[in-house]
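Visitor: Before I ask anything, let me first share the structure, which is written out below as structure tokens.
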């Protein structure tokens with residue numbers, strides 16, 4: 001399936017490499033156009049890799065994160081553009097401190113929606129991906145990303161909305177990324193037990209309370225992309241300030257991941273075409289006549 005256009009909307013640089021990256025790499029390799037839209041510059045991100053916590057990095061975080069993003073996009077084989085809003089950071093404390101003035105999460109909804117509508121009408125994606133109503137996890141920028149994406153999905157097709165943003169374009173489907181699947185870790189653990197080896201994420205799994213449920217119940221679409229896990233991991237490592245190469249992202253070897261769980265998971269949130277659930281292709285139900 002080639003000749004389609006896929007747009008992935010993300011809050012920060014590095015989000016694209018930890019959420020649906022192998023899927024994007026697969027579709028790009030098959031001859032589809034893939035565009036990552038990064039809503040903020042990630043300026044308020046902490047340095048999460050000890051090896052990068054050296055003089056000169058924090059002082060130029062804005063530029064460093066742009067360089068990291070460019071390398072990740074190159075590895076995945078995708079296009080990328082910035083929407084230009086300012087990272088809100090992740091306020092922590094009790095009580096939680098207020099968000100910084102001028103940050104993305106405090107923007108009036110219509111401002112980033114208008115900007116994203118223009119990108120949609122210019123790129124004309126057949127499919128979009130974004131975050132669910134909880135932002136995947138409750139970061140204020142992720143929740144705002146969901147709100148903006150869903151508003152833009154509707155507005156881009158409506159000639160009455162944002163008439164100065166280009167000719168209307170109807171995106172056929174929008175999906176939520178679902179990366180935190182408990183069942184996936186359980187199956188990895190069982191594979192380690194069969195091998196008589198200690199599971200490196202046992203403590204992490206133990207903290208995952210079963211009553212919290214598993215997002216697998218919401219998954220409608222699983223994309224086979226295990227062959228592209230190496231590109232996904234290389235793209236993650238390209239975000240060197242944010243990703244510790246010795247961290248949990250890389251704890252389970254690729255051969256186990258590719259054998260036990262060679263897919264990435266998504267939820268079909270809205271569709272304007274008929275399709276059958278479960279799916280294994282974003283473009284299922286979209287005709288070739290609609291690739292123009």
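What follows is calculated from the coordinates using simple rules that are stated; it is not laboratory data. Everything numeric here is computed off the predicted structure, so don't read it as measured data.
Visitor: Run the helix sum for the chain: -39,500 (n - 2.57) per DSSP H stretch of 4+ residues, divided by residue count, reported at 222 nm to the nearest 500 deg cm²/dmol. Write out the running numbers ahead of the final one.
Guide: Numbers: 9 runs with 95 residues, N = 292.
Helices in the chain give a 222 nm mean residue ellipticity of -9500 deg cm²/dmol.
Visitor: Would you work out the relative contact order for region 142-292, in percent, from Cα pairs under 8 angstrom that are 6 or more residues apart?
Guide: Normalised by residue count, the contact order of region 142-292 is 32 percent.
Visitor: Could you grab the relative contact order for the chain? Cα pairs under 8 Å, six or more apart, rounded to a whole percent.
Guide: Rounded, it is 24 percent for the chain.
Visitor: A follow-up question, please. Kirkwood Rh over alpha-carbon pairs of region 135-281, then Stokes-Einstein at 10 °C and 1.306 mPa s: what D in µm² s⁻¹, rounded to an integer?
Guide: Answer, rounded: 88 µm²/s.
Visitor: Calculate the length of the line joining the C-alpha centroid of region 34-65 to that of region 167-198, in whole Å.
Guide: Centre-to-centre (Cα) distance: 26 Å.
Visitor: Stokes-Einstein D for the chain at 4 °C, 1.567 mPa s, Kirkwood Rh over Cα pairs, in µm²/s?
Guide: Working: Rh = 19.9 Å.
It diffuses with D of about 65 µm²/s by this estimate.
Visitor: Give the separation of the Cα centroids, region 102-142 to region 217-285, in Å.
Guide: Here the two parts' Cα centres lie 21 Å apart.
Visitor: Here's a follow-up. Compute for region 49-173: radius of gyration divided by Kirkwood radius, i.e. Rg/Rh, restricted to C-alpha atoms, rounded to two decimals.
Guide: In region 49-173, Rg relative to Rh is 1.01.
Visitor: Test of understanding: express the Cα radius of gyration of region 1-48 as a ratio to 2.2 N^0.38 Å, with N the residue count. It would help to have the intermediate numbers written out before the result.
Guide: Values: Rg = 12.4 Å, N = 48, 2.2 N^0.38 = 9.6 Å.
For region 1-48, the normalised Cα radius of gyration is 1.29.
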